[in-house]
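Scroll down for the structure; my scribbles are underneath it.
The values are calculated or read from the model by the stated rules, or taken from the named source; none is laboratory data. Note that the structure is predicted; figures quoted are calculated from it, not measured. Using ideal geometry, Cβ is built from the backbone for each residue, glycine included, and neighbour counts are taken over all protein chains shown. Ligands, DNA and RNA are stripped out before the accessible areas are found, and what is left, the full protein with its side chains, is counted by its heavy atoms. Shrake-Rupley method; radii C 1.70, N 1.55, O 1.52, S 1.80 Å.
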Amino acid sequence: MPVPRHAGAHDRSCQQATLKFFYGPMDCGKSTLALQMDHNHARQGRRGLLLTRLDRSGQPRISSRIGLDRRAIEVTDVLDLRDLVRGEWARGRRVDYLICDEAQFYSLEQVEQLADLVDESDVDVYAFGLATDFRSELFPATKRLLELADGVYRLQVEVLCWCGRRGQLNGRVVGNRVVREGAQVLTGDTGGDDPVRYQVLCRAHYRSGDLGPAAPTAGQLPLG
């Protein structure tokens with residue numbers, strides 16, 4: 001069922017709402033940009049909602065590695081994003097845009113709901129996420145966002161592999177060894193003798209499994 005345009009929507013006859021997807025490897029500044037985007041829109045009098053799923057903090061927040069942090073709405077498996085926006089309108093609260101962090105973890109149905117909100121309700125959507133998982137394969141939600149988005153942007157903050165080359169792939173490391181099998185989404189340490197962490201690698205060292213002469217152990221939190 002389509003979500004009707006809300007009564008408080010701005011008249012933007014010359015500009016329709018858009019779905020934009022920003023992506024890159026770990027540490028490239030996705031969450032930082034998400035919070036900056038929200039700040040810029042709010043300064044212009046627009047009202048938006050911050051959404052996330054499985055943030056590194058373990059809380060319903062958008063948190064960046066440089067220390068920026070904001071409370072957000074957790075996108076659960078059963079959350080219908082259209083109903084979320086309808087609920088805000090029913091309470092008399094305008095929604096002009098959505099900031100969607102960790103979008104790679106959204107369901108395919110939720111990605112379609114984001115497109116519905118753009119096309120049928122004039123709500124701008126800014127989605128941020130990883131492109132590929134630890135196997136170097138696209139997340140299903142990422143693939144659908146790449147197919148549907150009006151604009152796709154690879155973030156330009158350069159992330160480096162230990163060798164100095166551009167880091168582009170997220171390696172899952174168990175016991176200081178790159179692994180290529182297991183659940184696609186793993187957001188917490190497994191415990192025991194084989195703690196799980198992630199390390200950004202260039203293509204060559206991802207494929208060879210070479211973690212470098214001094215593999216880092218701090219600051220790399222588990223993701224999908």
Kindly list the number of the only condition in (1) part of a loop (DSSP other than H, G, I, E, B); (2) at pLDDT 90 or above; (3) in contact with a helix residue (DSSP H, G or I) (Cβ under 7 Å, 6 or more places away or on another chain) that fails for Asp210.
(3)
Given (1) within 22 Å of the chain's Cα centre (by Cα); (2) at pLDDT below 90; (3) open to solvent by less than 60 Å² (accessible area, probe 1.4 Å), where does Asp189 come up short, assuming only one miss?
(3)
Test Phe134 against the criterion of being surrounded by 22 or more Cβ atoms within 10 Å (Cβ to Cβ) and in a loop (DSSP other than H, G, I, E, B), and give yes or no.
yes
In region 148-165, is there at least one residue being within 30 Å of His41 (Cβ to Cβ), touching a Pro at 6+ places or on another chain (Cβ under 6 Å) and modelled with pLDDT of 90 or more?
no
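Taking the condition within 30 Å of His205 (Cβ to Cβ), outside any strand (DSSP E or B) and open to solvent by less than 20 Å² (accessible area, probe 1.4 Å), does Phe128 pass?
no
For Gln110, state whether it is of a type outside the set (A, V, I, L, M, F, W, C), open to solvent by less than 10 Å² (accessible area, probe 1.4 Å) and out of contact with any Ser or Thr (no Cβ under 9 Å at 6 or more places or on another chain).
On the way: of a type outside the set (A, V, I, L, M, F, W, C): yes; open to solvent by less than 10 Å² (accessible area, probe 1.4 Å): yes; out of contact with any Ser or Thr (no Cβ under 9 Å at 6 or more places or on another chain): yes.
Yes, satisfied.
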Looking only at region 161-177, count how many residues are assigned to a strand (DSSP E or B) and in contact with a Lys or Arg (Cβ under 7 Å, 6 or more places away or on another chain).
2
Of all residues in region 1-37, how many are part of a loop (DSSP other than H, G, I, E, B) and either modelled with pLDDT of 90 or more or of a type outside the set (Ser, Thr, Tyr) (or both)?
23
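For (1) of a type in the set (S, T, N, Q); (2) in contact with a Cys (Cβ under 8 Å, 6 or more places away or on another chain); (3) surrounded by 19 or more Cβ atoms within 10 Å (Cβ to Cβ), each residue gets a yes or a no:
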| site | (1), (2), (3) |
| --- | --- |
| Ile62 | no, no, yes |
| Ile66 | no, no, no |
| Ala72 | no, no, yes |
| Asp80 | no, no, no |
| Asp101 | no, no, yes |
| Phe139 | no, no, yes |
| Thr142 | yes, no, yes |
Got a number for residues in region 126-154 being more than 19 Å from Ser208 (Cβ to Cβ) and under 12 Å from the mean Cα position of the chain (by Cα)?
10
Within region 157-182, work out how many residues are charged (D, E, K, R) and open to solvent by less than 90 Å² (accessible area, probe 1.4 Å).
1
Do we find a residue being charged (D, E, K, R), assigned to a strand (DSSP E or B) and surrounded by 15 or more Cβ atoms within 10 Å (Cβ to Cβ) anywhere in region 38-58?
no
Regarding Arg154, is this residue open to solvent by 60 Å² or more (accessible area, probe 1.4 Å), closer than 23 Å to Tyr97 by Cα and touching a strand residue (DSSP E or B) at 6+ places or on another chain (Cβ under 8 Å)?
yes
Looking only at region 86-108, decide whether some residue is assigned to a loop (DSSP other than H, G, I, E, B) and free of Cβ contacts under 8 Å to residues at least 12 places away in the same chain.
yes
Selection from region 61-85 of residues that are under 11 Å from Ala34 (Cβ atoms), in a strand (DSSP E or B) and within 14 Å of the chain's Cα centre (by Cα)
Ile62, Ser63
